[in-house]
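Let me begin by presenting the structure, written as C-alpha cells, before commenting on it.
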Amino acid sequence: MPKYFFFLLLTLSFSALKAQSAAPKPETSDPEAKKILDKIRKKYETYKTLEAAFTLTIELPGQPKEVQKGTIGQDGSKFRLDMDQQIIVSDGKTNWVYLKKNNEVQINDADPSGDDNGFLTPSDLLNRYQKGDFIYAVTDKTTQNSKVLTQIEFKPKDRNSEYSKLRVDIDEKTQTIESIKAFAKDGSRYTFAISKLTPNKAFGATHFSFDPKKYPSVRVEDLRM
C-alpha cells in the first residue's frame, strides 16, 4: 500500500485553532484546539457516509512537484480511493489495489484496525487525536479565498512515526477540514486539499468492491493468507 500522507492523509474517511496561541507544554495539547476538534468530530460523526473530491500534492526531495486529483468515499470501514494512477478499494474484509498503468490488481486481507490502508483521511485523523496519538495546538489563523482558516499542528507521540508533524487548516464558518499537510522525516511533503465534500451520499451496492472481470486481461496478484 502506498504511504502518501495521511497517508498523510492522512488516512479520510474524513476522511487539525486560536490565532497565535502559545505552544502547549510538552505532552500537553492546547485546550482551545481540542474544543475546535471536538466540534468537528461530532459533526463528522453525524455523517453515515462521506465522499470528498481532493487534490494531492506530493513534494519529494530533489524531484519535481507532483499533483494528483481524485475522490475518496467512506462508509464505516469501507472506502474507495480513485486517483489518476490507481484505485484502492476495501469492503472492510478485503483490500484491492489496482495499478492502472500496469493493468494489475493486488488483493490483500484488510486489517481489522483499519490502519493498513495507508491513507489518513479527515475522519481517521479525528479518531486518532481522540485516542491520544498526537500532541496538538492552534498555531495560526489566515484568510484564503475569503475563508477564515484556523490552523492546528499535530505532532505524533510515537517517536518512530515516519512523520514529524501534520498541519491542518479548518474553515471556521463551515467547521470542516480544508486541507491536511504531512511533513515526513525524510523531507517529503504531502498536501491533501479537499475541493468538495458530500456527506451522506448513497453509494451503489458494488462501490466498495473490485471485480477483476470488468478489466480485460488484468493481472491478478492474490496476496491473501
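None of the figures in this text is laboratory data; all of them are computed from the coordinates on show. In this text, all values refer to a predicted model and were calculated from it rather than measured experimentally. We place every Cβ from the backbone using ideal geometry, glycine too, and count neighbours over all the protein chains shown.
Structure notes:
- Over 23 Å (Cα to Cα) - which of LYS78/LYS213; LYS141/LYS185; LYS69/LYS141 fall in this group: LYS141/LYS185; LYS69/LYS141
- Applying 0.36 nm per residue to the separation of ASP186 and LYS42 and subtracting their alpha-carbon distance, the gain on full extension is 48.4 nm.
- With 5 Å bins from 0: P(r) over segment 31-222, alpha-carbon pairs, percent: 1, 7, 14, 18, 20, 18, 11, 6, 3, 1, 0
- Under 13 Å from the Cα of LYS157 - aspartates and glutamates, other chains or at least 8 residues apart: GLU27, ASP133
- Each peptide in 157-167, 52-62, 204-214 receives the mean, over its residues, of other Cβ atoms within 10 Å, and ordering these scores from highest gives 52-62, 157-167, 204-214.
- The phi-based Karplus calculation (6.51 cos²θ - 1.76 cosθ + 1.60; θ = phi - 60°) puts the 3J(HN,Hα) values of segment 141-151 at 9, 9, 10, 9, 6, 6, 9, 8, 10, 9, 10 Hz, whole numbers, x for Gly and Pro.
- Counting every other Cβ atom within 10 Å of each residue's Cβ, SER179, SER195, SER29 order from fewest to most as SER195, SER29, SER179.
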